[in-house]
Amino acid sequence: MIHLSGISWYCPNGQGSILNSGLRILGIDPGTATTGYGIIELCQRNTYRYLGSGIIQTSKNLSMPERLKIIREDVLSLIDNYQPENIAIESIFFFKNAKTLVPVAQARGVILEAAGFRSIPLAEYTPMQVKMSVAGYGKAEKKEIQYIVAKLLNHSTIIRPDDAADAVAIAICHARNRFATPGTTPSPVTPTSQSSIPVS
């Protein structure tokens with residue numbers, strides 16, 4: 001089931017955009033039970049439009065083939081509805097528990113296939129790469145990343161749930177790396193005081 005929580009904004013008349021219209025990026029945080037997604041548009045360097053975010057959920061009572069089918073179909077629906085130019089997804093990193101690794105890998109597989117089926121270029125980033133790009137260091141806490149993302153998107157509240165917020169951060173990571181000056185690291189953003197950005 002897809003839970004949409006976004007409202008669309010667009011670059012006015014394409015002014016100041018890198019392309020004639022903003023580069024639209026779909027970020028995905030994969031998982032079998034819950035897959036987070038976030039869609040942003042890059043209009044200028046370090047200027048983003050938030051288009052939407054949410055989660056795809058599958059019931060544990062379904063068989064694995066049925067759950068993967070839901071994920072694939074919902075990702076294809078997101079691609080068709082938002083028409084992203086790029087997709088960014090969290091890459092596989094070290095898992096202590098193989099029971100956790102396998103479902104994530106299976107979900108990633110159908111998401112990669114969906115991107116290929118729609119011929120959308122796809123990039124992969126580790127959690128540390130996302131933290132480095134957004135916060136400037138690889139050991140940033142999840143809460144800190146959420147507040148920085150809220151500031152970058154000019155939000156009064158952080159994005160919820162966590163899986164959706166992670167997906168938006170992945171999309172921003174791709175935007176910042178895609179147009180970073182070669183040989184440089186994108187400038188980190190200093191988070192606003194946490195007390196000034198309430199949880200939605």
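Applying a DSSP loop filter and a limit of 13 other Cβ atoms within 10 Å to the chymotrypsin sites (Phe, Trp or Tyr not before Pro) in the range 38-120 leaves F93, F94, F95. Can you compute the label reach from L62? Point 7 Å from Cα along the Cβ direction, backbone N cut-off under 19 Å, restricted to the range 156-176. Within reach of a label on L62, which here means backbone N under 19 Å from a point 7 Å along Cα→Cβ, the range 156-176 contributes 163-164.
Taking label points 7 Å from Cα along the Cα-to-Cβ direction, F179 and T157 give a separation of 2.9 nm. The loop-placed trypsin sites (Lys or Arg not before Pro) in the range 73-182, going by DSSP, that have at most 10 neighbouring Cβ atoms within 10 Å of their Cβ come out as K96, K139. Kindly flag which residue pairs out of K99/K143; K69/K99; K69/K143 have an alpha-carbon separation exceeding 30 Å in this structure. Check vs 30 Å cut-off fails for K69/K143.
Readers should treat all values here as calculations from the given coordinates under stated rules, not as data from a laboratory. Bear in mind the structure is a predicted one, so any value in this text is a computation, not a measurement. Cβ atoms come from the backbone with ideal geometry, glycine included; neighbour counts cover every protein chain shown.
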